[in-house]
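These notes are about the structure you will find just below.
Please treat every number below as a calculation from the coordinates, not as lab data. In this text the structure is predicted, and so the values were computed from the model without any measurement. Glycine also receives a Cβ, built like all others from the backbone with ideal geometry; neighbour counts cover every protein chain displayed.
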Amino acid sequence: MSEHHHHDHDHSELSETELRVRALETILTEKGYVEPAALDAIIQAYETRIGPHNGARVVAKAWTDPAFKAALLEDGSKAIGTLGHVSRVGDHLVVVENTPLRHNMVVCTLCSCYPWEMLGLPPVWYKASPYRSRAVKDPRGVLADFDVSLPKDMEIRVWDSTAETRFLVLPMRPAGTEGWSEEQLAGLVTRDSMIGTGFPRTPGAPS
Amino acid sequence: MNGVHDMGGMDGFGKVEPEPNEPVFHADWESRVLAMVRAMGAAGAFNIDTSRFYRETLPPDVYLSSSYYRKWFLGLEEMLIDKGYLTREEVAAGHAKQPGKALKHGKFDLGQVERVMVRGKFARTAPAPAKFKIGDRVRAKNIHPATHTRLPRYVRGHVGIVELNHGCHVFPDTAAMELGENPQWLYTVVFEGSDLWGEDGDPTLKVSIDAFEPYLDRT
């Protein structure tokens, strides 16, 4: 291929993909399969309603309500179903608790399974090869990429999401939050702390 | 299939690179792809396992060099052509050339959106009692189907302990190939890191997968 010829076809991946995506939507619409406004509504839901704030609310409630926490660890879907607007989690959510002896981390090595209803759409790193390949073999190395380190003898449990079960990490409640309200506590719960690649914010630390 | 998508334990992909304040989408087309996949799936054009299989069967170099949503797009387009919902001529023209094929659940319109927001149900009535109970030692089978499977390579042949029983679920291996839901018992099986990765493996590591009963043998 000559230099000149190459330049004539030098579309970026983005623009080529963008054109093809538009064409596909046109075809699906013209064939009567989808209504574009319905696609807009799906997108809007993921941009506004569905995000880590849903999971944060569940974690904060578990930190303040021992009965809810026990129910959550027993049957995550059922317990979350009692919370009203975050009840769209389906039947197969498993909540796993971090303790002083054990740290949990969630991955999907085969694709990118993730608890969407609790955390929103997954970040790029969760879906990318470095995380998917290394989390099950070298989780401490992965955590170092997040500037997270664990005590040397702490057990690390990695949950590979290979089926339709979904996993949410219940992080440990930060010290210095005695008497805090559920709403205040929810503000400390980060997305990564519910995946297991981070910790909740500590009181007074910049967010 | 033993594809590049089955990447647990592979080396050489480099550091994980978290992006501070990452947006939900990095471009508008990504959001359109997400919505089209969800919509066509909800309309009944394909099941979730079939859609995964189409992404896995992308050529390895394409799989590894494409972003997540580009893989979704490429898989979606190919799947819709294969299932007869559109033609290559239509894709080339960028327009419909013939009427659409009937969708199992009808056109995806605004009235259908809330249905997509509730996670699907994958539990099914058990056709037989569970073979394994919590605490059982099981070996992940050394199987290498050329079609879709959810048994990752890195556990095959290894012994683990049954930790949870999730009930009977749709079996992805047959569902992906449109050979039926074929419900199977699903267990969380936990493996020692030092068993999976040898004596250099992290001694504090345990890894679990969710394994369908046909993936497992009693030891």
On a straight-distance basis, which aspartates and glutamates could pair with residue B:121 in a cross-link, Cα separation under 15 angstrom, same-chain partners fewer than 8 positions away excluded? A:91, A:117, A:164, B:49, B:181
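Starting from the Kirkwood Rh over alpha-carbon pairs, what translational D in µm² s⁻¹ does the range A:101-195 have by Stokes-Einstein at 25 °C and 0.890 mPa s?
Numbers: Rh = 14.4 Å.
Estimated via Stokes-Einstein, D reaches 170 µm²/s.
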Per the Debye formula with a single identical scatterer at each Cα and no solvent contribution, what log10 I(q)/I(0) holds for the range B:98-153 at q = 0.12, 0.28 Å⁻¹? -0.69, -1.19
Considering the Cα positions of the protein assembly as shown, please state its Rg to one decimal place and its Dmax as a whole number of Å. 21.9, 71
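Placing +1 at every Lys and Arg Cβ and -1 at every Asp and Glu Cβ, with all other atoms neutral, what dipole size does the range B:68-219 have around its Cα centre, in debye to the nearest 20? Kindly include the intermediate steps, with their values, before the conclusion.
Values: 22 positive and 20 negative charges, 97 e Å.
I would put it at about 460 debye.
Between rounded, prolate and oblate, where does the range B:22-76 land on the alpha carbon gyration tensor, with a ≥ b ≥ c its root eigenvalues, rounded for a/c under 1.5, else prolate if a/b exceeds b/c?
It is oblate, given that a/c is not under 1.5 and a/b is not larger than b/c.
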Please list, ordered by chain and number, the residues whose modelled amide H lies under 5 Å from the amide H of residue B:164; skip anything fewer than 5 residues away on the same chain. B:188
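What relative contact order, as a whole-number percentage, does chain B give when Cα pairs under 8 Å and 6 or more residues apart are counted?
Values: 301 pairs, mean separation 43.1, N = 219.
It comes to 20 percent, rounded to a whole number.
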Diffing the range A:36-52: the Karplus 3J(HN,Hα) column from phi (6.51, -1.76, 1.60, θ = phi - 60°), in whole Hz with x for Gly and Pro, holds x, 5, 6, 5, 4, 5, 4, 4, 4, 4, 6, 7, 10, 7, 10, x, x
What residues have an amide H closer than 5 Å to that of residue B:8, excluding those fewer than 5 places away on the same chain, when H is modeled at 1.01 Å from N in the peptide plane? none
Expressed to one decimal in nm², the mean projection of the alpha carbon convex hull of the range A:22-136 is 9.8 nm²
Computed [θ] at 222 nm, deg cm²/dmol, the protein assembly as shown (DSSP H ≥ 4; -39,500 (n - 2.57); rounded to nearest 500): -10000 deg cm²/dmol
What pairs from A:78/B:206; A:31/B:15; B:71/B:131 go past 32 Å between their alpha carbons? A:31/B:15; B:71/B:131
As an exercise, find the ratio Rg/Rh for chain A from alpha-carbon atoms, using the Kirkwood inverse-distance average for Rh. 1.07
Inside 10 Å of the C-beta atoms of A:92-99, what's the mean count of C-beta atoms belonging to other chains? 2
At each listed q (0.11, 0.12, 0.16, 0.17 Å⁻¹), what is the log10 of I(q)/I(0) that the Debye formula gives for chain B modelled as equal alpha-carbon point scatterers? -0.70, -0.82, -1.28, -1.36
Run through the range B:12-112 and list the chymotrypsin sites (Phe, Trp or Tyr not before Pro) located in a DSSP loop whose Cβ has at most 16 other Cβ atoms within 10 Å. B:13
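Can you tell me the dipole magnitude for the range A:19-175 around its Cα centre, using point charges on the Cβ only (Lys, Arg +1; Asp, Glu -1), in Debye to the nearest 20?
Details: 19 positive and 18 negative charges, 53 e Å.
So the magnitude is around 260 debye.
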Along the dipole axis of the range A:90-207 (charges at Cβ: +1 for Lys and Arg, -1 for Asp and Glu; origin at the Cα centre), the most positive-end residue among A:170, A:184, A:146 is A:146
Intensity falloff of the range B:122-219 expressed as log10 I(q)/I(0), Debye formula with alpha-carbon point scatterers, at q = 0.13, 0.24 Å⁻¹: -0.45, -1.27
The range B:1-105: relative contact order in percent, alpha carbon pairs under 8 Å with at least 6 residues between: 30 percent
How many nm is it between the label spots at residue B:61 and residue B:118, if each spot is 7 Å from the Cα in line with the beta carbon? 4.7 nm
